[in-house]
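Worksheet: the structure to be examined is printed underneath.
The values are calculated or read from the model by the stated rules, or taken from the named source; none is laboratory data. From a predicted model like this one, the values you see are computed outputs, not experimental measurements. Here the Cβ positions follow ideal geometry from the backbone for every residue, glycine too, while neighbour counts run over all protein chains shown. Remember, those area values only see protein heavy atoms, side chains included, never the ligands or the DNA or RNA. Shrake-Rupley method; radii C 1.70, N 1.55, O 1.52, S 1.80 Å.
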Amino acid sequence: MNREYNAKISGIGSCVPDHIITNHDLEQLVDTNDEWIQSRTGIRERRKADSTQATSDLATEAAKIALRSAGISPEDLDAIVVATTTPDMAFPSTACIVQKNIGAHHAFAYDVSAACAGFLFALSNATQHIQSGMCRHVLLIGADKMSHITDFQDRNTCVLFGDGAGAIVLSNSDDGEGVIQTELGSDGRHGDILSVPAGGTRQPLTAETLPLRKHYIDMNGSEVFKMAVRAMENSARLLLEKTGYHIDQIDWLVPHQANKRIIDTLGKKMGLPNERVFINLQHYGNMSAASIPVALDEAYRSHLLKPDQLILMVAFGGGLTWGSSLLRWTMKSQNNE
Ligand code: UT7
């Protein structure tokens, strides 16, 4: 690699709300059942933030843990990038709110909006901030309060989503370790199969539009399913081809956690055995931009990720947006964290 600097993960953390919503809890709200949810999605429970917890609160907690694990202070940060589709408000950005909360006064801060693929889009930005020499330490957070845009009267979607935040600190490394390459894609022509139609400037939220419930997630599940598998497989294959790695060299696939059947199909198509695919959606459902960093954090804290291992991350979301990223893991497991 011919770069002066590269970006490596030097710290990681996550935060999910305490409140657990089980499949049985959802049986009380909509016409569904635990057997259907588990067999069609793999999800057993998800977390739900309370009315006082905004996205930035989850993001701030995850950020503090990631900074501690990196052993740096907030003042050392040069940038904060938050991937979210559920910001606290239109502006200030959630990243600026996190900046204030943690006291990272030397950082510039902004949000990235790419739905469930947001973390990988933000990772691409953050990596380039470091590779260009502009930044030494970037705090990168995927955070979403999906319960805010989930219609708990719609059984097609309310069983799928959960709230959470995951954060990493990306730091410069002069030995070329860390993020190898990221591949991104979008196709706005199919934006309508997964969207939140109202609440923006196209369909403002008014007393008349509120009962139509268009300010919640609207999804054509089976279309999204098919496109997700296709786009993630193509993206991952392209990334491997460009970087010259073979699927057999991948130690862990850490995919976006939307549906176990999507992940199993992807793993099978890619020729990856189940033991090398990390899945934690049974506990959290789909946390959108938070899914991958929370999964990475759990895999790391469970001592599954070891230095020098090759990690492949893939994601797909509304937009449509998708991406994949290959990195060499550099952090040693810490028993006392
Ligand atoms: O990160 C990107 C965001 N989203 C995703 O990746 C999600 C992608 N899609 C999926 O995960 C799946 O398509 C779903 C889990 C949403 C649905 O699974 P499916 O196997 O594609 O089911 P389906 O949409 O074809 O629906 C099958 C049946 C329907 O009933 P009918 O029309 O066959 O009588 C649905 O009404 O299942 C019914 N159904 C439910 N039944 C019980 C849908 N949701 C539920 C539910 N409980 N919660």
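Putting +1 on Lys and Arg Cβ atoms and -1 on Asp and Glu Cβ atoms, find which of Phe278, Leu238, Ala207 reaches farthest to the positive end of the dipole of the range 198-291.
With unit charges placed on the Cβ atoms, the residue in question is Ala207.
Mind checking which lysines have their C-alpha under 21 Å from Lys64, skipping anything on the same chain fewer than 8 residues away?
Reachable lysines: Lys8, Lys48, Lys100, Lys145, Lys332.
Hey, got the dipole for the range 70-228? About the Cα centre, +1 on K and R Cβ, -1 on D and E Cβ, debye to the nearest 20?
That gives the range 70-228 a dipole magnitude of about 460 debye.
Take the Cα gyration tensor of the chain, multiply each eigenvalue by 5, square-root it, and list the three semi-axes largest first, rounded to whole angstrom. Could you put the intermediate results ahead of the total?
Numbers: eigenvalues 174, 110, 70 Å².
Working from the Cα gyration tensor, I get semi-axes of 30, 23, 19 Å.
Restricting to the chain, what percent of DSSP beta bridges are antiparallel, rounded to 5?
Numbers: 38 of 54 bridges.
The answer is about 70 percent antiparallel.
What order, most packed first, do the peptides 245-252, 277-284, 83-90 have when packing is the mean number of other Cβ atoms within 10 Å of each residue?
On the way: 245-252: 14.5, 277-284: 19.9, 83-90: 21.5.
Per-residue Cβ counts within 10 Å, averaged per peptide and sorted highest first, yield 83-90, 277-284, 245-252.
Treat every Asp and Glu Cβ in the range 1-125 as -1 and every Lys and Arg Cβ as +1, leave all other atoms uncharged, and give the resulting dipole magnitude about the Cα centre to the nearest 20 debye.
Details: 10 positive and 16 negative charges, 82 e Å.
Rounded to the nearest 20 debye, it is 400 debye.
Just how large is the dipole of the chain about the Cα centre, in debye to the nearest 20, putting +1 at every Lys and Arg Cβ and -1 at every Asp and Glu Cβ?
Details: 30 positive and 39 negative charges, 98 e Å.
Dipole size: approximately 480 debye.
Return the Cα extents of the range 6-175 along principal axes one, two and three, sorted largest first, each rounded to a whole Å.
Sorted from largest, the Cα extents of the range 6-175 read 54, 32, 25 Å.
Give me the percent of accessible area attributable to carbon and sulfur for the range 29-133, probe 1.4 angstrom. Intermediate values should be presented prior to the final figure.
Values: 2180 of 4450 Å².
Summing carbon and sulfur atoms, their accessible area is 49 percent of the total for the range 29-133.
Along the charge dipole of the chain, Cβ charges K/R +1 and D/E -1, which of Ala198, Ile20, Leu184 sits furthest on the positive end?
Going by the charge dipole, the pick is Leu184.
Net charge near Val138, counting Lys/Arg +1 and Asp/Glu -1 over other residues with Cβ under 13 Å of its Cβ?
Numbers: positive: Lys8, Arg136; negative: Asp76, Asp78.
Here the charged neighbours net out to 0.
Go ahead and estimate [θ] at 222 nm for the chain from helices alone: -39,500 (n - 2.57) per DSSP H run with n ≥ 4, summed, over the residue count, rounded to 500. Before the final figure, lay out the partial values.
Values: 10 runs with 105 residues, N = 337.
Value at 222 nm, helices only: -9500 deg cm²/dmol.
Rank Ile102, Ile292, Ile311 by mean-square fluctuation in a GNM of the chain with C-alpha springs under 10 angstrom and give only the top-ranked residue.
Ile102
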